[in-house]
Amino acid sequence: MIDKQYKDLMKHCQEHMEEVEKTLPEPKENLHEMLKERGISRRDFVKWTSAITAALMLPPIFRPMVAKAAENFSRLPIVWLHFAECTGCSEAFLRSSYPNVDDILLETISLEYHETLMAASGYQAEQNLEKAIYDFAGKFICVIEGALPRGLDGKYLTLGPKGKTGIEVAKDVTSKAAAVICIGSCSAFGNIQAANPNPTDSVSISKALGISTVNIAGCPPNSVNFTGTLLHYLMFGGLPALDSLGRPVWAYGKRIHDYCERRPHYDASEFVEEWGDAGALKGWCLYKVGCKGPYTYANCGKVRFNDGISWPIMAGHGCIGCTEPAFWDTMAPLEKPLPDKSYGGGEKTVDKIGIALTGVAAAGIAAHAVASAIRHRKDDRINTEEEKHD
Ligand code: SF4
Ligand code: SF4
């Protein structure tokens, strides 16, 4: 049954990729030449396609399609908007010390507009944006970094020589995009701008505009989750299945606590009691020094950061829950446990987790349900979930 579903998915993927091959703009970069220049061998690229195929919850037969989608990456027009944020997400993606294939892919991206990176400013920048959304209407992906302030009729955030509010710009651009991807927890959920007392009445893009968005949550998010989502779009012509908070299920479907290498210590009640104690030296569980892994859904422990070298819990600090809405308010204090916070209807034992893991193949199929009707559709579930945290 599962085999047949994957075969059908493969057929859809091949047909879609053949079709878009005819319509995508010409490639702006040659990925393989770029990889060679950076010392990344063909073997490394093949290893990367295996890793990203597995991360996307696809079986190995999809590796050639992932490779083809990566080669087409520079053909997908992107308009990248910045609102109330720190630009840390762009920085995290673009300033890697040891660029891996994901980082190089992000360099090939066809950025038709990106305020931080482009040379143009003032009227010229505004014209560039207008031209990009006209030339690629209905075809470009709008990537948004930053929350939208609603206070003072949106005037806490104005942009460009005409002094348009962020809300006006966002409405205009998103209405012409093929899909809207929120990069980072600011655009996804409001993040620090929306934390109490939220003087500017900042909210997520979804809430400010009443549209559904794909939320690549995290502060900053892992580049794998962004590149994987775009690769999925190139392969299947739609966005991946999302959870009730708009996050791709393949990346945010599991709890940090259930993949954590310190989990056996949690189950054995072996805890770090204070920073630098004997438990810390032995790599014991960080729950008592505030780890929020039990309340947080993300794949950080699986894909890690900096070319897979490490992740916060491995480095010795607890998870702060940055992929969850309103984490500054709901997860604080960050270095103390929250005894009154419940998570997922009670704790799972290691045995139960093993049983749950055998369901991954079926979850993988579900994660690739193509969300074809996603564009501009108001998704009440997202707003409802966010409102719970307001
Ligand atoms: S999500 Fe975090 S890193 Fe990204 S822009 Fe917002 S504050 Fe900066
Ligand atoms: S509480 Fe944190 S450190 Fe401990 S097992 Fe869970 S995720 Fe890992």
Can you work out the FRET efficiency for the pair Leu152 and His12, with r the C-beta to C-beta distance and R0 = 41 Å, to the nearest 0.05?
0.30
Listed pairs Lys47/Lys139; Lys131/Lys171; Lys11/Lys47; Lys47/Lys68; Lys28/Lys171 exceeding 19 Å between Cα atoms
Lys47/Lys139; Lys11/Lys47; Lys28/Lys171
How charged is the neighbourhood of Lys164? Take every other residue with its Cβ under 9 Å from the Cβ of Lys164, and add Lys/Arg as +1 and Asp/Glu as -1.
-2
Just to be sure I understand the curve: with the Debye formula and one point per C-alpha of the range 100-186, what is log10 I(q)/I(0) at q = 0.18, 0.22, 0.26 Å⁻¹?
-0.89, -1.28, -1.52
I need two numbers for the range 1-97: Rg to one decimal and Dmax as a whole number, Cα atoms only, in Å.
16.2, 47
Compute the length gained on full extension between Trp275 and Met314: take 0.36 nm times their separation in residues and subtract their Cα-Cα distance, giving the result in nm to one decimal.
12.6 nm
In the neighbourhood of Lys282 defined by beta carbon distances under 13 Å, the net charge of the other residues (Lys, Arg +1; Asp, Glu -1) is -3
How about the range 212-286: which chymotrypsin sites (Phe, Trp or Tyr not before Pro) there lie in a loop by DSSP and see at most 11 other Cβ atoms within 10 Å?
Trp275
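Using Cβ contacts closer than 10 Å as the measure, can you line up Thr116, Thr296 from fewest to most?
By the 10 Å Cβ count, ascending: Thr116, Thr296.
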Neighbours of Leu111 by Cβ distance under 12 Å: Lys/Arg at +1, Asp/Glu at -1, summed charge -3
With the convex hull built on the alpha-carbon atoms of the range 21-69, volume per residue in Å³ sits at 90
One finds, for Ser121 and Lys36 with R0 = 35 angstrom and r their Cβ-Cβ distance, a FRET efficiency to the nearest 0.05 of 0.50
q = 0.14, 0.19, 0.24 Å⁻¹: log10 I(q)/I(0) that the Debye formula gives for the range 214-266, counting C-alpha atoms only:
-0.42, -0.69, -0.93
When a footprinting reagent is the concern and you count Cβ atoms within 10 Å, what order do Val214, Val101 take, fewest first?
Val101, Val214
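Taken together, the values in this text are just the output of simple stated rules run on the coordinates, not laboratory data. Every value quoted in this text rests on a predicted model; they were computed, and no experiment measured them. Note that each Cβ is placed from the backbone with ideal geometry, even for glycine, and that neighbours are counted across all protein chains shown.
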